[in-house]
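First comes the structure, then the notes that go with it.
No lab work stands behind these numbers, since they all come straight from the coordinates. What you see is a predicted model, and the numbers here were worked out from it, not measured in a lab. Backbone-built Cβ (ideal geometry, glycine too); neighbour counts: all protein chains shown.
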């Protein structure tokens, strides 16, 4: 029987309580990695860890809020401690609160910046020495099509995701000497809880129309498959960027 491609490796995933994070955790475990699951909703993490462990994998649940620097660092270091090492970091946690700049609740801006940008930076900073020590480190940053194409009403979310995309390229160059690979994944519309964060009626209507126009939107497992492709590539291969849209999405 062939060895699983990620056997012996350990991965930490933020935003693992649902959507892309949950699907990626399951995919990594099926590929042989032990996984540390991070998010604020500990009950969901424990349920997911239970399912992975019952299926023959190894998973631990660690409550964390990536927007809090101490919590983000504790998650990454706790993942390495509980799993015995750290080889892969999946920076997936994110929020999407859309609407026009004029009249916006600036607390929404702070939330997106703190989670989408600062949370990713905190986790990355904590992980770098651990990934360097592993000798086969890999960081996957989940950005968005919104990190490549701007739209009215999406400005601050655009700003955070453009930040993730730009940071990923700079990090790729900085981390190369440590043999740490960096992949930026930019999904189009995926069926997750992300859209439900929005309460603005116009935003909800616009998103609903977009989903209807596209038809068959991406599923979290589609993004997980792309991540698995990147992290299981031979050491000589660095998949720097993955842009993935539903077939019916034109922008």
Helix-derived mean residue ellipticity, 222 nm - over the chain, DSSP H n ≥ 4, -39500 (n - 2.57), to 500: -14000 deg cm²/dmol
Between helix 19-30 and the chain: long-axis angle, C-alpha atoms, 0 to 90°, nearest 10: 20 degrees
Rough spin-label spacing in nm, given labels placed 7 Å along Cα→Cβ, for residue 150 and residue 221: 3.8 nm
Relative contact order of the range 10-244, pairs being alpha-carbon contacts under 8 Å that are 6 or more residues apart, as %: 20 percent
Length gained when the stretch residue 81-residue 170 is fully extended (0.36 nm per residue, less Cα-Cα span): 29.2 nm
Separation in nanometres of the label points that stand 7 Å from Cα toward Cβ, at residue 2 and residue 204: 4.8 nm
Mean Cα-pair separation over length for the range 134-251, i.e. relative contact order, pairs under 8 Å, 6 or more apart, %: 32 percent
For q = 0.28 Å⁻¹, Debye-computed log10 I/I(0) when each Cα of the range 1-53 counts as one equal scatterer: -1.06
Potential extension, residue 233-residue 105 segment - 0.36 nm per residue separation minus Cα distance: 41.8 nm
Residue exposure sequence - 167, 202 - by fewest surrounding Cβ within 10 Å: 202, 167
Per residue Cα convex hull volume in Å³ - calculated over the range 4-113: 96 Å³
Label-point separation, residue 213 to residue 70 (7 Å along Cα→Cβ), nm: 4.7 nm
Cα-based Rg / Dmax (Å) for the range 148-251: 15.8, 48
Cα long-axis angle, helix 220-231 against the chain (0 to 90 degrees, to the nearest 10): 50 degrees
Net length gained if the chain between residue 58 and residue 132 were fully extended (0.36 nm per residue, minus Cα distance): 24.4 nm
Principal axis box of the chain, alpha-carbon based, largest edge first, Å: 52, 37, 34
Centroid-to-centroid separation of the range 6-36 and the range 226-251 [C-alpha atoms, Å]: 17 Å
